[in-house]
Amino acid sequence: MAEKKWILILFLTFIIAVSQVHHLYMGELASIMLEKLQQWRKPFNNGGKNLAIGPNLTACHSSYGRPDLLVYCCPPGFQTPVPFTDFKFPDPSPVRVRRPAHLLNESFIAKYNKALSIMKSLPYDDPRSFLRQANLHCQFCTGAYEMLNRSGSELNIHRTWMFFPWHRMMIYFHERILGSLIGDDTFALPFWAWDIPDGMTIPDFYVDKSSPFFHSQRDFSHFPPRVADLDYSTDDNDPRFDGKEQTETNLAFMYNRMVSGAKKTELFMGCTYKAGDKNCDSPGTIERKIWASFTRRQKIRFFTLIIQISIVFGKFGGISTIGNWISTIPIGLISFFLFYDENLNLVKIKVKDVLDITKLGYSYEEVDRPWLNHRPPPSVPPEQARRIIKLKQNENPVFSSDFRRVLDGKLTVTVNRSVKREKVDEEETVVVYGIVVRGNEYVKFDVYVNLSDDTKMNPKFREFAGTFAYIPGGGRGGHDLKKMKLKLGISELLKDLKADEDESIWVTFVPRTTSCSNVSIEGIKIEYIK
Ligand SMILES: *[C@@H]1O[C@H](CO)[C@@H](O)[C@H](O)[C@H]1NC(C)=O
Ligand SMILES: *[C@@H]1O[C@H](CO)[C@@H](O)[C@H](O)[C@H]1NC(C)=O
Ligand SMILES: *[C@@H]1O[C@H](CO)[C@@H](O)[C@H](O)[C@H]1NC(C)=O
Ligand SMILES: *[C@@H]1O[C@H](CO)[C@@H](O)[C@H](O)[C@H]1NC(C)=O
Ligand SMILES: *[C@@H]1O[C@H](CO)[C@@H](O)[C@H](O)[C@H]1NC(C)=O
Ligand SMILES: *[C@@H]1O[C@H](CO)[C@@H](O)[C@H](O)[C@H]1NC(C)=O
């Protein structure tokens, strides 16, 4: 009955799509990374060709929110060019301090309520109106715009390195517009801290039926007290765990996504993106794991009317791998987007303008992030696992090279490693390639390494290597077969399982949606990422 009642929790990033623009908190990790990006001034320059990305504002068109859902979210009168100005940094004070949604007081909620009510009362031809704000996301998520100088290339900000900067820009302007509507230059959007135990249920004010934060098309079955399942699959209608175990599982899951599975830039951020690129076939952990929640019942205009609630991470200190990201991201710093500001001016803002949130005049209230140190233990002591796996070796005769399988059940594959490598700074990565999914199906499967006890398949245990999630996206050719890749960093995992000296490992695929029986996989191999 998956059809009936699902709230999809998917990992578009830090986004939870509910029915209001409440917006994204891109968080401290992003801020650390993006601040550092200033040093990585390596814009995409290819033989003198300008490969920066920007939208061609006069080339907007209908687009697909889902393969079966044609939407139109272009602004009125887009055909006529609008004059724009270059972005200028705001006054450095007052600083807007974004607070976790579960800690807001009544007077703040009343203020936000008022601002949002005014925004919702503005007519559609006002770019500050709620629907226009919402449609910004629609435009760049469904490929409504084409790239400047690249007619025919749709511009899409998801699954790539444009993800962080674009969302940061959108929220920056949205927040300032809300503030200006109530004449409050300290107004700051709240963020939903769904990654910490105190914030793991939907914050109360979003579910208050009498407020503008509410939307009738949400799936009530995910309302408090249900703890959000950060590893949600569309087939899970009922909670998989009790509240306490769900919380523990979420923390371990965050650790996998943000720490052990994200040690290299591309593992975390997904594909680079430059003019002319097609959609990315291998999103990073940051986007494979965000969960959004909405319902399918009423065939909501998924990428259009349903908008983002804001969320996510506050304090991310101590991530040891920041150094790697710094040296390796050649992001398109000169790529740009255009937004209306609170004074109704169209502003051109570049990626390099949003690297430093201090200059953007806001900050985040700090919250503890217990998952930072939530390194999961092996489900079975390694020596015992080794014995069990040896006994079961004959049951799993499948080897890795071009095995080409349909994922119609749990599947274990033996994959050879190259144990002689001594390059300490390389990340050992399981690459599952040629994953063919139908463009109109939700697909999710999990991956475990050296799983010896099938009753312990849970991200709480070290054997969990990561997950594959495909969400029917926008863009042309939505119904076509899509060929995807999954890359999972496993160096730390292998060490903890004491398998880092072994010549081979077991990789187990566990389907999480029935649609996996329509998914085929070409092969699996180990790569070492510098
Ligand atoms: C409510 O919270 C805001 C910050 O979000 C703070 O400035 C204000 O003083 C608080 N009001 C009360 C009555 O505590
Ligand atoms: C588009 O082409 C024009 C003219 O060649 C050039 O000046 C401009 O920089 C290009 N813009 C982008 C984003 O490629
Ligand atoms: C923008 O799109 C319009 C309409 O398709 C096209 O005529 C124009 O050449 C495009 N401009 C650039 C710079 O790509
Ligand atoms: C993996 O290694 C084993 C033992 O060295 C060898 O027999 C087998 O052919 C290798 N498999 C692949 C796919 O390379
Ligand atoms: C991991 O799995 C491989 C099977 O390919 C096995 O040879 C090895 O002993 C296992 N190691 C541990 C520590 O379980
Ligand atoms: C597999 O694909 C076919 C054709 O698109 C579809 O009818 C069927 O429902 C799919 N099966 C599952 C289990 O999703």
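Coordinate-derived values only; no laboratory data. Every value quoted in this text rests on a predicted model; they were computed, and no experiment measured them. For neighbour counting, all protein chains shown are included, and Cβ atoms are generated from backbone atoms with ideal geometry for every residue, glycine included.
Calculate, in nm to one decimal, what residue 79 and residue 483 gain on full extension: separation in residues at 0.36 nm each, minus their alpha carbon distance.
Value of the extension gain: 142.0 nm.
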Checklist outcome for this item: For the stretch 150-163, Karplus-derived ³J(HN,Hα) couplings (6.51, -1.76, 1.60; θ = phi - 60°; whole Hz; x for glycine and proline) come out as 9, 4, x, 9, 6, 9, 9, 9, 8, 6, 9, 5, 6, 4
Checklist outcome for this item: Under 5 Å from the placed amide H of residue 71, counting only residues 5+ away or on other chains, we find 63, 64, 65
Checklist entry - Roughly how many nanometres apart are two label points built 7 Å out from the Cα toward the Cβ at residue 424 and residue 391? => result 3.8 nm
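Thinking of the stretch 132-174 as a set of Cα atoms, what percent of all their pairs are more than 12 Å apart?
Tail fraction, whole percent: 61.
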Checklist entry - Sequence-distant or interchain residues sharing an amide H contact under 5 Å with residue 184, placed H: which? => result none
Item to check | Under the Karplus curve 6.51 cos²θ - 1.76 cosθ + 1.60, θ = phi - 60°, whole-Hz ³J(HN,Hα) for the stretch 353-361, x wherever Gly or Pro sits | outcome: 6, 10, 6, 10, 6, 4, 5, 7, x
Checklist entry - Hey, which aspartates and glutamates would be in cross-link range of residue 482, C-alpha to C-alpha under 19 Å, not counting anything within fewer than 8 residues on its own chain? => result 68, 154, 277, 281, 287, 402, 408, 441, 446, 522
Checklist entry - Going by average Cβ neighbours within 10 Å, how do the peptides 454-464, 157-167 rank, with the highest at the top? => result 157-167, 454-464
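Can you give the translational diffusion coefficient of the stretch 100-177 in µm²/s, computed by Stokes-Einstein from the Kirkwood radius over Cα pairs at 37 °C and 0.692 mPa s?
Details: Rh = 14.5 Å.
The estimated diffusion coefficient comes to 226 µm²/s.
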Item to check | Percent of Cα-Cα distances greater than 25 Å, calculated over the stretch 382-529 | outcome: 28 percent
Checklist outcome for this item: With the dipole of the stretch 40-153 defined by +1 on each Lys or Arg Cβ and -1 on each Asp or Glu Cβ, the option from 102, 53, 83 whose Cα lies farthest towards the positive pole is 102
Next on the checklist: Through the Karplus equation 6.51 cos²θ - 1.76 cosθ + 1.60, θ set to phi - 60°, convert the phi angles of the stretch 114-126 into ³J(HN,Hα) values in whole Hz; use x for Gly and Pro.
Outcome noted: 5, 4, 5, 4, 5, 4, 6, 8, 6, x, 4, 6, 8
Next on the checklist: Cut-off is 10 Å between beta-carbons; in what order do 424, 510 appear when sorted fewest neighbours first?
Outcome noted: 424, 510
Checklist entry - How big, in percent, is the set of alpha carbon pairs in the stretch 329-390 lying more than 16 Å apart? => result 73 percent
Checklist outcome for this item: Sorted by chain and then number, the residues having a modelled amide H within less than 5 Å of the amide H of residue 284, at least 5 places away or on another chain, are 270, 271
Checklist entry - Do any of 350/485; 263/352; 88/264; 483/530; 410/525; 263/359 go past 21 Å between their Cα atoms, and which? => result 350/485; 263/352; 88/264; 483/530; 263/359
